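The values are calculated or read from the model by the stated rules, or taken from the named source; none is laboratory data. Quantities reported herein were computed from a predicted structural model and do not represent experimental measurements. When we count neighbours, we look across all protein chains shown, and the Cβ atoms used for this are built from the backbone with ideal geometry, even at glycine. When the accessible area is computed, the model is the full protein with side chains, heavy atoms only, and any ligands, DNA or RNA have been set aside. Shrake-Rupley method; radii C 1.70, N 1.55, O 1.52, S 1.80 Å.
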Amino acid sequence: MKNIKVFALLAALLTLCACNPTPKALQMEGHYTYQHAFNYDMQGHHFDVSESGTMDFYADSTALDSARQVYTVTLPDSSTTTWVFNYISPSRWHLEGDTLFFAGAKEGFRMELIEGDGATELAQKVIDTYSNGIEYEYRFHLDTLTADLLQWSFTYRDGHSDTWRFYRATSAE
């Protein structure tokens, strides 16, 4: 009798599983908001950057990254200057397993200095550096993809890693 109950329970569980197919896999497509900060050194200058923006992923494997970037630059003499850039990067992407291939598209890329004090030649150097490398295809690790969160990470050649968190915007926003 005990074996019949176990068998009946297993049959009921199998029937429930067969009748309730697994939910559709989450898609990356959508509108996301993000805030991110990073820093780097270039030609004797230290850059602390914070950005807030939106990322739109489209089903045709294109994306649009739009951000307000604030740079605080420490110059070699220890003085600082601050710049604000408008950053707009049409991009392309595709996902293979947990690897996200992502690259900007040179056509349509804009990085404009909208506020700033001093060192405008250096600001132009930053713009030129981004413009010249925008089409480089990065391989990000897709850490999380839920209904609310997209998170990816990247490990640089020097061994440090960085993480980006994108929050899916609701249709009411």
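Numbers at a glance
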item: Accessible carbon and sulfur surface of the stretch 72-111 relative to its total accessible area, %, 1.4 Å; result: 50 percent
item: Per residue value of the accessible surface for the stretch 20-173 (all protein chains in place, 1.4 Å probe), Å²; result: 58 Å²
item: Rough spin-label spacing in nm, given labels placed 7 Å along Cα→Cβ, for residue 121 and residue 39; result: 2.6 nm
item: Using a Förster distance of 45 Å, the FRET efficiency for residue 169-residue 77 (Cβ separation, nearest 0.05); result: 0.60
item: The stretch 53-173, relative contact order [Cα under 8 Å, separation at least 6], %; result: 17 percent
item: Where trypsin sites (Lys or Arg not before Pro) fall in DSSP loop in the stretch 105-138, at most 16 other Cβ within 10 Å; result: 106
item: Convex hull volume of the stretch 112-155 per residue (C-alpha atoms, cubic angstrom); result: 138 Å³
item: Qualifying chymotrypsin sites (Phe, Trp or Tyr not before Pro) in the stretch 17-106, DSSP loop, other Cβ atoms within 10 Å at most 15; result: 58
item: Whether the stretch 47-173 is rounded, prolate or oblate, judged on the alpha carbon gyration tensor where a/c under 1.5 counts as rounded; result: prolate
item: GluC sites (Glu not before Pro) restricted to DSSP loop in the stretch 79-153 with at most 12 other C-beta within 10 Å; result: 107, 137
item: Relative contact order %, the stretch 87-155, counting alpha carbon pairs below 8 Å whose residues are six or more apart; result: 32 percent
item: Extension gain from residue 95 to residue 130, taking 0.36 nm per residue of separation minus the Cα-Cα distance; result: 10.3 nm
